[in-house]
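Everything on this sheet refers to the single structure shown next.
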Amino acid sequence: MPLVPMRQMLDEAAKGGYGVGAFNVNNMEQIQAIMEAARETKSPVVIQASRGARKYSNDKFLYHLMLAAAELYPEIPMALHLDHGNGFDTCKSAIELGFTSVMIDGSLLEDGKTPSDLKYNVEVTKKVVDFAHERGVTVEGEIGTLGGVEDGHGSGVSHLTDPQQAVEFVQKTGVDALAVAIGTSHGAYKFTSAPTEEVLKISLIRKIHELLPATHLVMHGSSSVPKELQDVVNKFGGKLKPTWGVPIKEIQEGIRNGVRKINVDTDSRLAVTGAIRKVFAETPDKFDPRDYLKPAREAMQKVIAERMTQFGQAGHAADYKAMSLEEMRGYYKKGPSGCGGGCCCGGKGKKK
Ligand code: G3H
Ligand code: 13P
Ligand code: ZN
């Protein structure tokens, strides 16, 4: 199947009441692991590359690997998404290369570190939406800054998404999908004990979804950081400190309340690292990269297949035929409000 616009995939997920995992990649083995997991579970999938991944791989490699994946897995709908675009130019270059979806993370300034204000976020996001929708490409924006209440920066509360601001942001930008900050953070160290509603605010998702029922919500920092994966890394020489991720049942509660895209990178990293450490520790005589990259790829496939089943996307690969970017462009153009349904009107042209 050709690469599909992420908007179509998330619309289908909303119809079916399930979530779609968005998995980060940097190389061929990771793409292969995801595609095998998608085939095994018959899942549509979002494959995403960060700015770091684009730089590490030279994104032309990633793009052509994705074209190979599309050819080799014709039954799997897949979207190629830019994760955490930091400005208009980064998003533009991804779109020009062939990404079918981009995230503009205007919650931070272009340095990717300093929190911005709403005015800046709206301006940069709208500029990306105008450019992307004209080309049929999906846009994810972010409101509130990720980090969580345990990351040691500030009080934490001010990082979380303000539901009213989320409404204003979606109305003014017309984004297709909205990343919300509910207390998760990137990486392995999210929580120092099993998270409760005090630190992981699933109730905030419920509120935002009530106000923005037509907007696809996105959960970043959604690795579950399972103890079994931590244990493999540590058993074979790793030094991970005890840590807790986002429990699957909380993600599933999010999915019941409008979360359609779930970002996972750390769980893949842990699976890959544990498998490689095991080969190095148990068979130190081996030096052919295939001897450790193959088990690493298999370990990543296993955790991703599990997530695909848990998020509910399993079994949905054959539900729809891919829309072209050209068809998607027409869809955005004909939305009565010009928003294609991504804004507050839900595609009806009437403000709620
Ligand atoms: O957003 C974070 C993802 O895990 C990507 O991480 O920027 O190190 O590639 P990265
Ligand atoms: P994790 O670090 O929890 O896997 O989150 C990844 C992510 O949000 C990528 O954008
Ligand atoms: Zn993220």
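Do the conditions hold for Val102, that is, is it touching a strand residue (DSSP E or B) at 6+ places or on another chain (Cβ under 6 Å), outside any helix (DSSP H, G or I) and in contact (Cβ under 8 Å) with a residue 40 or more places away in the chain? Considered against the rule, which asks whether it is touching a strand residue (DSSP E or B) at 6+ places or on another chain (Cβ under 6 Å), outside any helix (DSSP H, G or I) and in contact (Cβ under 8 Å) with a residue 40 or more places away in the chain, Val102 comes out as no.
Counting residues in region 265-280 that are surrounded by fewer than 16 Cβ atoms within 10 Å (Cβ to Cβ), out of contact with any Gly (no Cβ under 6 Å at 6 or more places or on another chain) and not in a loop (DSSP other than H, G, I, E, B) gives one or more. Residues in region 266-284 that are more than 16 Å from ligand 3 (Cβ to nearest atom) and acidic (Asp, Glu): Glu282 alone.
Taking region 4-93 and the strands (runs of 3 or more DSSP E) fully enclosed by it, the elements with 1 or more residues that are without any contact (Cβ under 8 Å) to a residue 60 or more places away in the chain and of a type outside the set (Lys, Arg) are at 45-50, 78-85. When Ile262 is tested against (1) within 16 Å of ligand 1 (Cβ to nearest atom); (2) in a helix (DSSP H, G or I); (3) of a type in the set (Val, Ile, Thr), only condition (2) is not met.
Being among the β-branched types (Val, Ile, Thr) and more than 20 Å from Leu10 (Cβ to Cβ), is that true of even one residue in region 43-57? Checked against the condition, which is being among the β-branched types (Val, Ile, Thr) and more than 20 Å from Leu10 (Cβ to Cβ), region 43-57 yields no hits at all. A Cβ distance below 8 Å, combined with a sequence gap of six or more or placement on separate chains, defines the contacts here; from region 313-331, residues that are closer than 16 Å to Leu3 by Cβ reach residues that are in a helix (DSSP H, G or I) and of a type in the set (Ser, Thr, Tyr) in the pairs Met323/Tyr331.
Applying the criterion of being more than 18 Å from the chain's Cα centre (by Cα) and of a type in the set (A, V, I, L, M) to the residues of region 88-127, the residue that is surrounded by the most Cβ atoms within 10 Å (Cβ to Cβ) is Val124. Being surrounded by 19 or more Cβ atoms within 10 Å (Cβ to Cβ) and touching a residue at least 60 places away in the same chain (Cβ under 8 Å) is a property that Ile262 has. Over 24 Å from Met9 (Cα atoms), among the basic types (Lys, Arg) and without any contact (Cβ under 8 Å) to a residue 60 or more places away in the chain - does that describe any residue in region 192-208? Yes: one or more hits.
Got a number for residues in region 4-24 being in contact with a helix residue (DSSP H, G or I) (Cβ under 6 Å, 6 or more places away or on another chain) and within 16 Å of ligand 3 (Cβ to nearest atom)? Talk me through it step by step, then tell me what you get.
Looking only at region 4-24, we keep the residues that are in contact with a helix residue (DSSP H, G or I) (Cβ under 6 Å, 6 or more places away or on another chain), and these are 5, 19-21, 23.
Then keep just the ones that are within 16 Å of ligand 3 (Cβ to nearest atom); that gives 19-21, 23.
Total satisfying the criteria: 4.
Each reported figure results from applying straightforward, stated rules to the coordinates on display, with no laboratory input. Owing to the predicted nature of the structure, the values given are computational and were not obtained by experimental measurement. So basically every Cβ, Gly included, is an ideal-geometry build from the backbone, and we count neighbours across all protein chains shown.
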